[in-house]
Structures are given as structure tokens and as C-alpha cells.
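The block underneath contains the structure these notes are about, expressed in C-alpha cells.
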Protein chains: 2
Amino acid sequence: MRGVLDVPDALVPVQGLIADALVRVEKIFDEHLQADLPPVDRLCAHVERYRGKMLRPILVLLGALSASPDARAAFDSGREGELLTDGLIRLAAVCEMVHMATLVHDDVLDDAQLRRRGATLNTLEGNEAAVILGDYLIAGAYHLCATIGRSDLSERIGRVSMDLCAGELLQLHHRGDLSLDGPTYFEIVRRKTGTLIGVSCELGATLVNAPPSTARALYQTGVRLGVAFQIRDDLLDLVGLEQSVGKSVRKDLEMGKLTLPLIHHLGVCDPLTRGRSLELIEHGAQGVSDSDLRELLGLLRESGSIAYAEATAAGLVEDSRRDIAALPDTPARALLDALARAVVDRAS
Amino acid sequence: MRGVLDVPDALVPVQGLIADALVRVEKIFDEHLQADLPPVDRLCAHVERYRGKMLRPILVLLGALSASPDARAAFDSGREGELLTDGLIRLAAVCEMVHMATLVHDDVLDDAQLRRRGATLNTLEGNEAAVILGDYLIAGAYHLCATIGRSDLSERIGRVSMDLCAGELLQLHHRGDLSLDGPTYFEIVRRKTGTLIGVSCELGATLVNAPPSTARALYQTGVRLGVAFQIRDDLLDLVGLEQSVGKSVRKDLEMGKLTLPLIHHLGVCDPLTRGRSLELIEHGAQGVSDSDLRELLGLLRESGSIAYAEATAAGLVEDSRRDIAALPDTPARALLDALARAVVDRAS
């Protein structure tokens, strides 16, 4: 949405439906965080500026619209809008709120200065305010989720948040670990990015009482998309330009985080190249110079490691599209499919 | 408990009942946080060492035992142990987990080195690990709460966590504010400490289906006890010795946080003393020297400000004991009352 997706004419109405629903999601997001304390409201207003593509809320809405047992009948009779209940809108806001909380804390951990083309909260207000505001967002997400009145949703959101933190802790544990292997990288990424995108796909379906097997399949679809998304994100951090990505780049190298292209490269290149690459990566921790980066990217291209990471992301998206194809044939399914394809095409 | 309370012989059985239940609380606390990732488990093991007086779980248990509609009958027939259901034990662990999360993040914010006579997690493992582990504990608390299957409990825990964070943000906003007034101090303390102790008293009662008015009264009781507790905590930070308090002291002065004795003192003393006191407080931000501290404490004693803070805490405890007296006459109520009295007598 938001100009991210060019959709065929047939999908314009459902895209409009989602766009209208997102306005409701934003409204409940903002209202729910309102406190009666000006210092708190001022910080929350800053977080509203972080709002991006709203991927997770869109997935919640599309999960419900594609997997509801009434989906086909609803679309056939033009009553699909009735599936977008107040509870679903809340759930969409919950997933975005959990995501925002992780962004705010991530920026503290990464000491990032830039987010969505603006200064990060930690830069403007200090790490302390960013830590507590992240906590406030998490608490807000859980509270909002509980107001839907379904403990099964709260339980899933809680469990996934635990997974997400465990993934972050695992990543932190491997910071500066130049022997990080592929399986551990995927374990980190699955937990820290995959699980939340997975439940975003799943829980909309759960709320509208889709068959549990469909909800589970949607979770897997979302996890795959999330991992593909993170691989692309890691690639952008490595090869992207700050001005087009809109947030700090080269943070992974500075933070000693090995990502997929580097892991692949170190595994396949000859010992001499490997030694030189490790040297360049170690230099990177003190800030990445342009010439070092050019050399490193050249080596990564030579070993086919950039292409490998791109192909891995594309393969995950293809897998997820196969799951999506098993859903009932509705415009919502078509839009979900278009969204999946967009994950590998994204430039920011 | 744990040697904190000297109780009359009549209360020994109910104290034993609570002690046994706390073993179950600790067990579920530890089990629930177990991940399948060694780096996560290692950090959680460290947090287990933070375990202190378990005030919040005790209040959850006593809230249920004192306010259950069957409380009198249960104690009369010796079946009070049946009130300590698995759900109640979980709820007690939830309140402790939220509390632990705030301790871990507070130590990051305060840059504290010492907690429960051991090094803090941020000191041992860095701020990043402490921030994420705090998040993991919060997520664990919400997840565990959702497994009880009552959305009303999750909603209250979520709302109170929002309040708690709002209190922390308000406190941060007033860091270094030497004109902080009494009402704002109480607003901060009510939110950041009062509300969680309040729901700890309330939710045990809610779970056993106590009348809503009783649950609300228990919430107010807990808020008052919490505020009294925090006033004592702030006093210990000011006048206590690190070795007897068991955690870093003089952090409030170093962090530019005015607490009740200082607020009272600056409001009542003559202009000359006020000027000198402000000077000493401002010095404190660069680390408090022994001679400055001695002088400041002397001035606070002269203006009756230490006594004022002690009397305020004692007054709040008296108010809360009046509410406790309105509960059915059971050994649980008597123990709750003994616990309330202990709040103002605590030395650590």
C-alpha cells in the first residue's frame, strides 16, 4: 500500500478497503497510547512519525479477509467490509505497536541516529526515554490486545514477543562472532523478524475463526516472508544508500553483526580472500570507510554472495506464495500474493 | 516472610501455607522463562538471583485468601489451601515478573552497579542485554497471564504496566528539576510503584471472584502501601548504608531525583538554608561526598523533613490498615495487616 504496490485494476477496491481500515488502525493506535501526562504524549507523538508501510497491520487485515470461512461469500456479495470488525482493527494496531516497540529499543541497542528519514528517539531524547517509551508501547500493545477479550490472542502475542526477545538476545550473544554460521543466522532472523510477521498473518485468521490448519499455514507463510524481508533489510544495510533507505546504514558491520551475504562469502571463498575479508569486516567495527566497503562489496559479488542472499529471499517468497495459493480465491488472496512479491522487490 | 515478619503463633500456619505457595510461584517463574537457547537461559538464571522478599506474589496470595467469598468458611474448615489454585500461583508469578522487568530496566536507567548484594545485569552483561532481557521478562509476564485464560486480568496487568511506564517517564522528565513539587512526586510514585502493588492486592481477589468493591478497595490499599514503600525506599537511598540496604545508594541524588524529604525541606526552610541545600544537591549530581551528605542530612533533620517523610509513610500505612480491617476476620487478613505494618519498619 502507500505507493508500495502497483496492483491490477481488479484489486483497487480491496486495496481501498484496506487503506480505509488502516486509517482506523492509526486512530486506535494513537488514541490508545494517549496518557494524561504531557511528557508522555510528546514522546508518543514522536513515535507516530516512525509509522512506515504498516506491513503488519495490512497482513492482519488480509489474513482475516482471505481466511475467513465466509471470505468467498463475503466478497461475492460485496459484504467483505463487514469482516473488518473493531476487534480486527485493534488486533492490527497491536501487531504494529509491538513492532514499534522493537524499533524504539533496536535503535537504542544499535545506537542508530536515523529512522524514517528523521532523528531517532534515542538521539533526540536520550536512551533512558527510549527504553521506557519502548516499554510503554509494549504494555500498550498487551493492554489493547486484552481488550479484544480473547485470551488465545494474548497468549500468542505474548509467546511471540518472548521469541522475538530471545532472537535479539541470541543476536547480541553472537555480536562480533565472525564464525557465525547460516543455521544460527536463520534462527536469529526467524525469531526476531519472522515470528511477528507470522502471527500478523495468523491472528487475523484466528479472530475470524478460520480453520486452525489455515491459521497455522498463514503463520508459516508470514514467518517465511518475514525472514525474506529481513534478508532484504540486511542487504540494504550492506549495499544501500542512507538517503534511499531512509535510516542509518552499515550498522550491522559497525555492530559486528554478520549477515547472510557475509556468512555465505566466508564459507565459500578461498583462504586468502577469506583472510582479507575478515580484515575488512573487523575494520568495519570502527566505522566503515568508503574504500573498504567498495572492496568488500566487490569480493562479495565475486563469490556470488549478494546473489545468493537475493536468491534465498526470493526462494522463501516463492514458498510462501505456494501457501497463499492454497487459500480461497478472493481479491484479498490476490493482494496478499502481490504483497509477498513486493517483499523481494523492495528498495527501502 | 523470609524472616521479614515476626508473627504471633496463631499466624504461623497461614505463613507456612504462603511459604509453600511461594515455592510453587518460584518454580513456575523459572520454568516459564526457560528458552531452548543457552545464552537466554544464562541471563534468566542471573535474574533469579535478584529474587527478594517476593512482596507482590505474597500480596496476590493474601488478597485471594482474605477476600474470597469463601474465605471464612475455608479457614474454619481448614480448606484454605484449596484457594491456592494453579491460576493464582501463575498470577502471583506474573506480578513478580513485571516487577523484575522494571528492576532490570531501572538498573540500566540508573546505571546501578549493585542489586541484592550482587552485581547488576547491566554491569555484568552490558546495557543491551539488560534492555532485551527486561523485554523478555515483560513478554513472559504477559504470556503467563494470558495462559490463565481471563482477559480481565490481562487487561488490568497491561493497563497498570502502561501507568508504571508513564510514571517512569514523568520521573525522567523531572530529573534534575529542583523545583519538583509534592503533588508531582506523589503522582510519580503512585504510578511507578503504587499501581503494581495495588493490582497485586486486587487481582488475587478478582481471580477468586471477590465482590468488585472489595477488589477495588484492595487495589487502593495496595497503592497506599506501595507509595509508603517507595517513600521508605527513597529514604533508605538517602540515609541508608550500602552494605545494609544491599543495593547502590545515593543514586537519587546522583541522578538529580528529588525525593520527599528534600521536597519538604526546600519548601519549609529559610532562604539561606535553601540556597545552601540546593548547592549541596547540585554537587550531589557529580557524586556525593561524605561531608556534603553529612551536612545535607543535618539540614534535613533540622527542618524535620526526614521525620515528615517517615510520618507520611506511616500515615499511608495506617490508612491501608483501616481498609484491611474491613475484610472478613481471617488469619490471612491478620497476616496482610502484619505485612502492612512491616512496610514502615523495614530497614532494607
Can you confirm whether residue A:205 is more than 12 Å from chain B (Cβ to nearest Cβ) and surrounded by 24 or more Cβ atoms within 10 Å (Cβ to Cβ)? yes
Result of the Cβ filter at 6 Å on the range A:270-292, keeping first residues that are outside any helix (DSSP H, G or I) and partners that are surrounded by 14 or more Cβ atoms within 10 Å (Cβ to Cβ) and among the aliphatic types (A, V, I, L, M), at least 6 apart or interchain, is A:288/A:253
Residue B:127 meets each of (1) surrounded by fewer than 23 Cβ atoms within 10 Å (Cβ to Cβ); (2) in contact with a Lys or Arg (Cβ under 8 Å, 6 or more places away or on another chain); (3) under 21 Å from residue B:47 (Cβ atoms) with one exception, condition (2)
Residue set B:90, B:42, B:115; condition of a type in the set (Lys, Arg), over 22 Å from the mean Cα position of the chain (by Cα) and closer than 30 Å to residue A:133 by Cβ; output residue B:42
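Touching a residue at least 60 places away in the same chain (Cβ under 8 Å) and either β-branched (Val, Ile, Thr) or under 24 Å from residue B:14 (Cβ atoms) (or both), is that true of residue B:329?
On the way: touching a residue at least 60 places away in the same chain (Cβ under 8 Å): yes; either β-branched (Val, Ile, Thr) or under 24 Å from residue B:14 (Cβ atoms) (or both): yes.
Spelling it out, residue B:329 is indeed touching a residue at least 60 places away in the same chain (Cβ under 8 Å) and either β-branched (Val, Ile, Thr) or under 24 Å from residue B:14 (Cβ atoms) (or both).
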Conditions (1) at pLDDT 95 or above; (2) under 14 Å from the mean Cα position of the chain (by Cα) -> residue B:234 fails only (1)
**Message:** Any residue at all in the range A:175-195 that's modelled with pLDDT under 95 and facing another protein chain (nearest Cβ under 9 Å)?
**Reply:** yes
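The values are calculated or read from the model by the stated rules, or taken from the named source; none is laboratory data. As the structure is a computational prediction, the values presented were derived from the model and not from experiment. Here the Cβ is made from the backbone with ideal geometry for all residues, glycine too, and neighbour counts use every protein chain on show.
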